1. I need the helices (runs of 4 or more DSSP H) fully contained in region 81-140, keeping only those with at least 1 residues that are open to solvent by 10 Å² or more (accessible area, probe 1.4 Å) and of a type in the set (Phe, Trp, Tyr).
2. I'd like the residue in region 217-250 that is open to solvent by 70 Å² or more (accessible area, probe 1.4 Å), in contact (Cβ under 8 Å) with a residue 24 or more places away in the chain and touching a strand residue (DSSP E or B) at 6+ places or on another chain (Cβ under 8 Å) and, out of all such residues, is nearest to ILE133 (Cα to Cα).
3. Going through GLU176, GLU207 one at a time, which residue ends up being acidic (Asp, Glu), crowded, with 20+ Cβ neighbours inside 10 Å and within 25 Å of LEU53 (Cβ to Cβ)?
4. Being more than 11 Å from CYS103 (Cβ to Cβ) and either open to solvent by less than 50 Å² (accessible area, probe 1.4 Å) or not in a helix (DSSP H, G or I) (or both) is the filter here, so list the residues in region 144-161 that pass it.
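The values are calculated or read from the model by the stated rules, or taken from the named source; none is laboratory data. Bear in mind that the values here come from a model prediction, so they are computed numbers and not experimental data. Here the Cβ positions follow ideal geometry from the backbone for every residue, glycine too, while neighbour counts run over all protein chains shown. We work out accessible area using only protein heavy atoms, side chains counted, and drop any ligands, DNA or RNA first. Shrake-Rupley method; radii C 1.70, N 1.55, O 1.52, S 1.80 Å.
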Amino acid sequence: LKEHVKLFSISMLQDQPLLEEAEQRWEAVVALRPDLETTVEIQRRLVGRGLSLAEAVGDNMPATARIQPGEIVIKLRAGTPVFIGTPIDVVGETLKPFVLGFCDDLAAGDADGPASRLRHRLENSEIDIGSLIAASLGRQQEAIRTKAQHVGISPDLLWLVAELAAGPIAYRLQRELPEDDHETQALVAGWSHGYCPACGSWPAFAERVGTHRSLRCSFCALAWEPPTHRCIYCEETGEAFVTATPDTDSTARLEMCQQCGGYLKSLAVPAPTPSVL
């Protein structure tokens, strides 16, 4: 594996197959688009650190959602994602090395100046990391942007760093939804909205495994299978909602809606993509 990936490999031997799979994809991208080599190198760093964080979260969960099974059912029935508006306690000190590390990874690319300034603010506790991650888990983008403007850093960069650090935690939180509560599981299985039933984020893409089409959340990686094939944004099902393919043999498609202007990537895969990838 590349040098930057090796930085994390000692603590992630169990994730070696995932890194090897990612490495094959990165090499294929660079072979096709050499101009993306710098971008791919930054992603190598971010994915490696994300794997390390996922392992740490698996050993010692730094966040707790204060919600009861009955409240989960009420929210899902109302079409409200489980963790939106739910108090989430986060131990920021546990996550600080990873948050600072993500700043370092981004500083290695074109974001050098802004990322370095953000790292300085975080290191000096001008931004409380526990509150930042809790806001990210609650999808409180406006609160994060306001804080960024208050301390004089890029709002988009602060949101990105928070998202990178909060993602593995969001994954664990959605995986901890009560499996023995049949009503909760039935409501998640029957979720018909385009946004995630756990965290409320939009999907990164649709995955087609055999005859099943699932939406994969861009934040917590939950997969859900809407009962009808329609635009995830405006729910259009008519002629304005179309699926385009570059050729008949392609595994990639683009679902486009002329009603709202939204689109979604759709990929045919042999198995669901691992959350960290």
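1. Values: elements: 92-107, 112-123, 129-137.
Answer list for region 81-140: 92-107.
2. It comes out as TYR233.
3. Details: GLU176 fails: crowded, with 20+ Cβ neighbours inside 10 Å.
Being acidic (Asp, Glu), crowded, with 20+ Cβ neighbours inside 10 Å and within 25 Å of LEU53 (Cβ to Cβ) holds for just one of GLU176, GLU207, which is GLU207.
4. Residues of region 144-161 that are more than 11 Å from CYS103 (Cβ to Cβ), as a first pass: 144-152, 154-156, 159.
Of everything in region 144-161, those that are more than 11 Å from CYS103 (Cβ to Cβ) and either open to solvent by less than 50 Å² (accessible area, probe 1.4 Å) or not in a helix (DSSP H, G or I) (or both) turn out to be ILE144, ALA148, VAL151, GLY152, SER154, PRO155, TRP159.
Yes/no matrix, rows are residues, columns are (1) in contact (Cβ under 8 Å) with a residue 24 or more places away in the chain; (2) more than 30 Å from ARG119 (Cα to Cα); (3) part of a strand (DSSP E or B):
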position: TYR171; (1), (2), (3): yes, no, no
position: ASP180; (1), (2), (3): no, yes, no
position: LEU187; (1), (2), (3): yes, yes, no
position: GLY200; (1), (2), (3): yes, no, no
